[in-house]
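> Handing you a structure now.
The values are calculated or read from the model by the stated rules, or taken from the named source; none is laboratory data. Everything numeric here is computed off the predicted structure, so don't read it as measured data. Positions of Cβ are generated from backbone atoms using ideal geometry, with glycine treated the same way; all protein chains shown enter the neighbour counts.
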Amino acid sequence: MKETNVNQKFVPDARMKALIARRLKLVIEKKRDLYCDNAEFLVYHWSGEAASFSPATGEHACDVDHRINIGDHNARVDVGIPFPKAKEMPSKQGKFEYTPLNWAQDYVYFIDNSPAEVHENELIVGEFHWQLDEARFFQYPQEQRDAGFDARELGAGGISFTHTCPDLSIGLSLGWNGLLEKVRNNIAKFEKAGETEKVNYLNGSEIIALSIQRFIKRHAYAARDKASKSSDSKQIDLYLSIAEVCENLSERAPQTLHEAVQWIWFFQVAERMHGHGNGYGRTDQLLQPFYQKDISEGKITRQMARELVGEMYIKYGSYTALGGRLKDLSDATNEMSWVCLEAYDLVGGINHMGVMWHDDMDKDFYRYANDVLTRHGCGVPILVNYDVLKASEVRSGYREEDAWNVAYSGCQWYCGVGTEYNDQDVNSLVLVKPMQRAIAAAIENDTKTFDEFWEMYCHEVDRTADALVKFKNSTYDWQAKVWPEMVTSFCMYDCIEKGKDCTDKDAVRYNFTSVNVLGVPNVADSVYAIKELVFEQNRYSLADLQNAINNDWKDNEVMRQHFLNVPKFGNDLDGADEMAVWVSEQVREVLESKRNNKGFPFRPSLFQYMGHTYAGPMLGATPDGRLAKEPLAHGMNPMHGRNNNGIAATVNSFTKLDFAKYQGGSFQIELTPDFFKAGVEKDKMMEAFSVAFFKKGGVQINFNLVDLKVLEEAMHDNDNPAYHDINVKVTGYSSHFVSMDKRFQKEFIERVNYKSL
Amino acid sequence: MQVANKEIKGRIFKIESLNTHNGPGYRTVVYLKGCPLNCLWCHNPEGISSKKEIWVIHSKCIDCTSCILACPNSALSQKDGKIEVDRNKCEGCYRCADACPSKAIEKIGEDYSVDEVFNRLLKDKPFIDASGGGVTVTGGEPGTYPEFVGRLFEKCREAGIHTAFDTSGQISDMALEKIIPFTDLVFFDLKILEEEPAIKWTGRGISKILKSLHWIIAYKSKNDGPELQFRTPIIPGATDGAENLNSIAKLISDKYKALFTEWEMNLFNDICEDKYERLNKTWSLGQAKSDLADYKRIEKFRDDNAGLKIKISGFVQK
């Protein structure tokens, strides 16, 4: 929905308006774009090239001709040039090693040479222009890459990189001096025990902590410098306030809400310099003590609190969570939950916060969440079902005392705060591939029954999973040496204490490997059609079918229509839906039967952020009647245009799956504005819909209100400023519509299939 | 002995969930097929005949002619590349629809038992409960299936599902006796109050309709409920004249002022025109649709009649 058409509840003042205008300007100037290497990366989550994600410059940068613009939700601000000192990096001076300490030396040089900038009107400062992988070599040894190509051949892939959720309360309570002291105490401990490797790791942590302190302090200098050159008294006050806060934070722990928000933002800047992808936990829980203290001391008003949090959203609307439950399972909603949501109502735009609903949640707060969602119309906040998140963590093997502190942390995923390195959203299993092999094998063996065909399919899924296990294990053997995540590790439990990086084996408490399974609805619909038309009705042979799909159904339209019109998942029809449950359960069981070399099982996620758009042509036509040019289904959502019985039927189909057994499966809804008839209270209807959806067992709702006509115009007129401020929730992430890759835009428009009731 | 609910059937041409404009909250709306009236503006012309019918979605047709071969009555033919239906020959056996690989032929009307529809409603119950919604029966004229609607509503009552009955009033006292005691909300259509124009536009006079209204009013005076709302479709040249609207206003303000909760005026649009084409019927209202001037006029009528609880609904071309 167009931002300028949103009726905000809180009105930004001139200062906030200027910051919001700058945010949009950066978008229009393409300074927030996020690229992935190529179509292979989208589909297999590994491009076959470097192991990093979205470097814009440097030796690992994506090829301009092949890269794909995922959207403009990048935390970095592009300045159009590579990192100026890339060639002088310590590791490029003949000292590259696969060790955390070597990595740390590069990081220190990198951040020391990243500018500290203070912009007009800001109160919260800190930006970055480059990622470390634009300056430091990021590639695994050949053995790992060979395993990667083997896995891709069979339909799987993945990276391992910054998709976790640190617990910022660790840093908020210690501050950088406290973290440094903790590191030094542990160095002493391990020196005494003679554990050199751990000492080396922590020596790296020590120099990094010191470099971040310098980075923060440089912001204080920059602000003072600007204050001395300014004649605007309001602006001088802002600069001096920034200087004071940065000086404090370069050493001690934050004591006010302003300091706490600034501490969190600096942590994100320092951390995002080494990778894109983490969530940052439960903002309302993190900030509530600071807010309460400031309010009771009369230091702050609610509006000031909204502005501080709002400024952080303007910098980057990170993945964060609100609501949920506390350890005693009571409602966690607090005053700060409201402020965090109100802050969004103040600044709008792209944001990735999730509200974690449960049946005991403050009803007024949840109503307000639905009010914001339907008024802004762009998927903010994402609605998730806290009890299902927690149940799935417990089912995975989480201890109760850790499981309550789960946070919605990424597109469709969630994470134990500070306790889990779970590889969410970075691994892929393309289910169409084993199905294609099963069809070929069944033809070769002249298979006569569906049961035999199914057995072949199961065997092929297992082969793909095994190839993925091998690839991941090879990655895990090297990860902590190739690309440790040392800033993140400051705010993870047990890492500093163990002298190990959070990416290492036996470092954090939970190390599952989560895998996005691509194409479940297509495979389910395909297998169901094969079962009906090939094995039960004997209408077509598998060889006929294979021949037809190999030729993209050319000259076989009647046959295609037959396959297309066998009942499909998403219409609340038992046979087709049972197959969808069957297919997803099968891949779940296969994955859960495999263990990684960190000692934890693999887990499926019924989601992929955008691979379904490019996978279609890459994989060819499928037996569900799909043409090669069409995308695959998005996550577990029914294939576009196949669910024709209305949303309620789709919800019924969707919730036949038990989402506590999976790591996420978002339900995507795009509605046109006239869906809500005049006089209907949108917030109440959305609230009722989502509560019913969650009570049926659903886990996540991504909701967009889209005017199809406007989007179609925008697609053909990307540069027209009239369309620049249309925000959409693409899959699990947000973007401005015009920034998205063309194919994404087309797919987004095509999926709007609830035009009328 | 009473006939079991699984034996009592209604002919239904659509069931839709999450409807938001046929009563409070999310409604599951059941459309029953068959109507004693024949309003020229009807938005659900496929609901007028009580017979099973088909129609062709030409955009989905792939010219395979499977349907023509499947028809036992030779009711289908191809003309200018389009499948045509001879409605005098079609008996609604649906063999053509079953044979069509691309689902271009759609069935209009299937028989469902009370239990089948009720089980379908139970699936929507979480939405109904969370929104304070319920079930609404409409059509066609749902009152032509008194036993079916009465039994369905009785079961809904037991299950705590709010029931709404959308009627033209052109129904028997027996139907009212079966249905109204289990109804929470009645949408009662008041279209045209003059006999001659009523016959011209709707095919029937209005005596039975007024009788039904009196029956409901009498019932309300002895019982706690049902809630009553009036509905008037605003049809250019047919119902929207000042004289007609004033006479409806007079009727309800003189006698029933305290007895109804809303008078909905539904502005007219022509989005159903393609349905007429598919049914090989003529859409006699041409380009007629409510425009902004109509909206302003109705708005003024609403403001002039402040006590009549008028709500304006429907699309307007602005």
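> Give the residues of the range B:94-143 that are of a type in the set (Val, Ile, Thr), within 14 Å of chain A (Cβ to nearest Cβ) and assigned to a strand (DSSP E or B), sorted by residue number. Let's see the steps before the verdict.
Pass one, the range B:94-143, residues of a type in the set (Val, Ile, Thr): B:105, B:108, B:114, B:117, B:128, B:135-138.
Within this subset, residues satisfying the condition of being within 14 Å of chain A (Cβ to nearest Cβ) are B:105, B:128, B:135-136, B:138.
Result: B:Ile105, B:Val135, B:Thr136, B:Thr138.
> Okay, moving on. Restrict the check to the range A:110-128 and report whether at least one residue is without any contact (Cβ under 8 Å) to a residue 40 or more places away in the chain, in a loop (DSSP other than H, G, I, E, B) and in contact with a strand residue (DSSP E or B) (Cβ under 6 Å, 6 or more places away or on another chain).
no
> Sticking with this one: Quick one: A:Tyr528 ticks every box in (1) free of Cβ contacts under 8 Å to residues at least 24 places away in the same chain; (2) away from every other protein chain (no Cβ under 13 Å) bar one, so which box is it?
For A:Tyr528, the failing item is (1).
> Looking at A:Lys682, A:Lys696, which is the one that is of a type outside the set (Val, Ile, Thr) and modelled with pLDDT of 95 or more?
The unique qualifying residue is A:Lys696.
> Here's another thing I want to ask about it. Spot the failing condition for A:Arg751; the list is (1) in contact with an Asp or Glu (Cβ under 8 Å, 6 or more places away or on another chain); (2) within 14 Å of chain B (Cβ to nearest Cβ); (3) of a type in the set (Lys, Arg), and only one is missed.
(2)
> Of all the residues that make up the range B:53-83, how many are modelled with pLDDT of 95 or more and among the charged types (D, E, K, R)?
Number of matching residues: 1.
> May I pose another question? In the range A:364-401, how many residues are farther than 13 Å from A:Ser690 by Cβ and part of a loop (DSSP other than H, G, I, E, B)?
5
> Is it the case that the range A:499-509 has a residue that's away from chain B (no Cβ under 14 Å), free of Cβ contacts under 8 Å to residues at least 60 places away in the same chain, surrounded by 22 or more Cβ atoms within 10 Å (Cβ to Cβ) and within 30 Å of A:Val199 (Cα to Cα)? Please lay out each step first, then the result.
Quick first cut of the range A:499-509, residues away from chain B (no Cβ under 14 Å) only: A:499-509.
The next check asks that each one be free of Cβ contacts under 8 Å to residues at least 60 places away in the same chain; those that pass are A:504.
Narrowing further to those that are surrounded by 22 or more Cβ atoms within 10 Å (Cβ to Cβ): A:504.
If we keep only those that are within 30 Å of A:Val199 (Cα to Cα) as well, we get A:504.
Checked the range A:499-509: at least one residue is away from chain B (no Cβ under 14 Å), free of Cβ contacts under 8 Å to residues at least 60 places away in the same chain, surrounded by 22 or more Cβ atoms within 10 Å (Cβ to Cβ) and within 30 Å of A:Val199 (Cα to Cα).
> Can I ask one more? Before we move on, is A:Gly354 touching a residue at least 40 places away in the same chain (Cβ under 8 Å), part of a loop (DSSP other than H, G, I, E, B) and not β-branched (Val, Ile, Thr)? Spell out the reasoning first.
Working: touching a residue at least 40 places away in the same chain (Cβ under 8 Å): yes; part of a loop (DSSP other than H, G, I, E, B): no; not β-branched (Val, Ile, Thr): yes.
No: the conditions fail for A:Gly354.
> Let me ask something additional. Can you name every residue in the range A:139-182 that is closer than 27 Å to A:Leu518 by Cα, aromatic (Phe, Trp, Tyr) and surrounded by 17 or more Cβ atoms within 10 Å (Cβ to Cβ)?
Hits for the range A:139-182 are A:Tyr140, A:Phe161.
> Return the total of residues in the range A:433-463 being surrounded by fewer than 23 Cβ atoms within 10 Å (Cβ to Cβ), among the β-branched types (Val, Ile, Thr) and part of a helix (DSSP H, G or I).
Number of matching residues: 1.
> Here is a list: B:Asp115, B:Asp184, B:Asp189, B:Asp173. Which entry is over 29 Å from B:Trp41 (Cβ atoms) and either at pLDDT 95 or above or not charged (D, E, K, R) (or both)? Lay out the reasoning, then the answer.
Values: B:Asp184 fails: over 29 Å from B:Trp41 (Cβ atoms); B:Asp189 fails: over 29 Å from B:Trp41 (Cβ atoms); B:Asp173 fails: over 29 Å from B:Trp41 (Cβ atoms).
Only one candidate passes the filter, namely B:Asp115.
> Got a sec? Which helices (runs of 4 or more DSSP H) wholly within the range B:212-318 have at least 3 residues that are within 14 Å of chain A (Cβ to nearest Cβ)?
On the way: elements: B:242-255, B:273-278, B:292-304.
In the range B:212-318, the matching helices (runs of 4 or more DSSP H) lie at B:292-304.
> I'd like to verify a number: residues in the range A:235-258 that are charged (D, E, K, R) and in contact (Cβ under 8 Å) with a residue 40 or more places away in the chain, how many? It would help to see each step written out before you state the result.
Narrowing the range A:235-258 to residues charged (D, E, K, R): A:237, A:244, A:247, A:251-252.
This time we only want the ones that are in contact (Cβ under 8 Å) with a residue 40 or more places away in the chain, so: A:251-252.
Residues meeting the conditions: 2.
> Next up: Would you please name the residue that is nearest to the chain's Cα centre (by Cα), looking only at residues in the range B:159-182 that are within 14 Å of B:Trp215 (Cα to Cα) and assigned to a loop (DSSP other than H, G, I, E, B)? First the steps, then the outcome.
Initially, the range B:159-182 is screened for residues within 14 Å of B:Trp215 (Cα to Cα), giving B:167-181.
Filter once more, keeping what is assigned to a loop (DSSP other than H, G, I, E, B): B:168-172.
Numbers: B:Ser168: 8, B:Gly169: 12, B:Gln170: 12, B:Ile171: 13, B:Ser172: 17 Å.
Going through the qualifying residues, I end up with B:Ser168.
> Take A:Lys656 and tell me if it is touching a residue at least 12 places away in the same chain (Cβ under 8 Å) and either facing chain B (nearest Cβ under 8 Å) or out of contact with any helix residue (DSSP H, G or I) (no Cβ under 9 Å at 6 or more places or on another chain) (or both). Working first, answer last.
Working: touching a residue at least 12 places away in the same chain (Cβ under 8 Å): yes; either facing chain B (nearest Cβ under 8 Å) or out of contact with any helix residue (DSSP H, G or I) (no Cβ under 9 Å at 6 or more places or on another chain) (or both): no.
Spelling it out, it is not the case that A:Lys656 is touching a residue at least 12 places away in the same chain (Cβ under 8 Å) and either facing chain B (nearest Cβ under 8 Å) or out of contact with any helix residue (DSSP H, G or I) (no Cβ under 9 Å at 6 or more places or on another chain) (or both).
> Hey, could you check the range B:24-38 for residues that are part of a loop (DSSP other than H, G, I, E, B) and away from every other protein chain (no Cβ under 14 Å) and say which is surrounded by the fewest Cβ atoms within 10 Å (Cβ to Cβ)? So that I can check it myself, show each step before the final result.
Initial filter on the range B:24-38 (part of a loop (DSSP other than H, G, I, E, B)): B:24-26, B:33-38.
Remaining after also requiring away from every other protein chain (no Cβ under 14 Å): B:33-38.
Values: B:Lys33: 28, B:Gly34: 20, B:Cys35: 24, B:Pro36: 18, B:Leu37: 19, B:Asn38: 13.
In this case the residue turns out to be B:Asn38.
> Same structure, new question: Residue pairs, Cβ under 6 Å, 6 or more apart or interchain, first in the range A:600-627 and at positive phi, second of a type in the set (Phe, Trp, Tyr). List them.
A:Gly625/A:Phe563
> Can you tell me which residue is surrounded by the fewest Cβ atoms within 10 Å (Cβ to Cβ) among those in the range A:669-702 that are in a strand (DSSP E or B) and within 14 Å of another protein chain (Cβ to nearest Cβ)? Step through it out loud before you land on a result.
Narrowing the range A:669-702 to residues in a strand (DSSP E or B): A:669-671, A:700-702.
Okay, now just the ones that are also within 14 Å of another protein chain (Cβ to nearest Cβ), so A:669, A:671, A:701.
Numbers: A:Ile669: 25, A:Leu671: 21, A:Ile701: 24.
It comes out as A:Leu671.
> So, in the range A:1-41, how many residues would count as being closer than 17 Å to A:His724 by Cβ, of a type in the set (Asp, Glu) and in a loop (DSSP other than H, G, I, E, B)?
2
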